Amino acid sequence: MADPIGDAIQALNVLIVPTADGTGAPTTTALFGNIQTFTTAIFGISSDMQTVSSDIKTALTDAATVVGKIGTSIAAAGSLTDVGGAMTALQSSLSLLQTIAPAGTAAVFNSASGLFQAIQSQLTALAGDAGKTIADAATELAQLAQILTALEGLFP
């Protein structure tokens, strides 16, 4: 993986084209509009489907918020290696919390740990394989957050 976040952004460009700096509003394509028409019809069939649509929108909102905040935060870090160290420490803390948390809440910590592990591996790939800077990573995360936010528009 040379640039996994950039590759994801590029793959989604058929639906949504983010701005160059990850701020403002991205541009949706004609295909996005066609899919939106289809998903509106599908998710409008019943109240159960509307609930599913609402849940998907909430998940996309939450993911976009997390990705955006991580992008903003890492922009102030010294290097992608520093960020990797912080992510490792965060995962260790989440693992500790998972072991002492009540059984019903452990899944939340496991899920959060998995998310941060995935982000860390993406940032490590950016720093190592793609030779990108922390500014590049922050911009790509902002663009990804833009795309995730825009994807909410596919669900009524």
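The values are calculated or read from the model by the stated rules, or taken from the named source; none is laboratory data. Not measured: the values here are computed from a predicted model. Here the Cβ is made from the backbone with ideal geometry for all residues, glycine too, and neighbour counts use every protein chain on show.
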Can we say Val66 is surrounded by 13 or more Cβ atoms within 10 Å (Cβ to Cβ) and either touching a His at 6+ places or on another chain (Cβ under 8 Å) or over 18 Å from Ala145 (Cα atoms) (or both)?
no
Would you mind telling me which numbered condition in (1) at pLDDT below 90; (2) small (Gly, Ala, Ser); (3) part of a helix (DSSP H, G or I) Ala2 fails?
(3)
Mind checking which helices (runs of 4 or more DSSP H) fall wholly inside segment 27-145 and carry at least 1 residues that are of a type in the set (Phe, Trp, Tyr) and free of Cβ contacts under 8 Å to residues at least 12 places away in the same chain?
30-43
Being β-branched (Val, Ile, Thr), modelled with pLDDT of 90 or more and surrounded by 15 or more Cβ atoms within 10 Å (Cβ to Cβ) narrows Val52, Val17 down to just Val17
Which condition does Thr23 not pass, out of (1) surrounded by 14 or more Cβ atoms within 10 Å (Cβ to Cβ); (2) in contact (Cβ under 8 Å) with a residue 60 or more places away in the chain, if it passes all the others?
(1)
Among (1) under 24 Å from Thr139 (Cα atoms); (2) touching a helix residue (DSSP H, G or I) at 6+ places or on another chain (Cβ under 7 Å), the one test that Leu94 misses:
(1)
Over 18 Å from the mean Cα position of the chain (by Cα) and either surrounded by fewer than 18 Cβ atoms within 10 Å (Cβ to Cβ) or modelled with pLDDT of 95 or more (or both): is that true of Ala30 in this structure?
yes
Looking only at segment 96-124, and only at residues there that are more than 21 Å from Ser73 (Cβ to Cβ) and hydroxyl-bearing (Ser, Thr, Tyr), the one that is surrounded by the most Cβ atoms within 10 Å (Cβ to Cβ):
Thr105
Name the residue, out of Gln146, Gln91, Gln122, Gln117, that is touching a strand residue (DSSP E or B) at 6+ places or on another chain (Cβ under 9 Å) and closer than 25 Å to Thr61 by Cβ.
Gln146
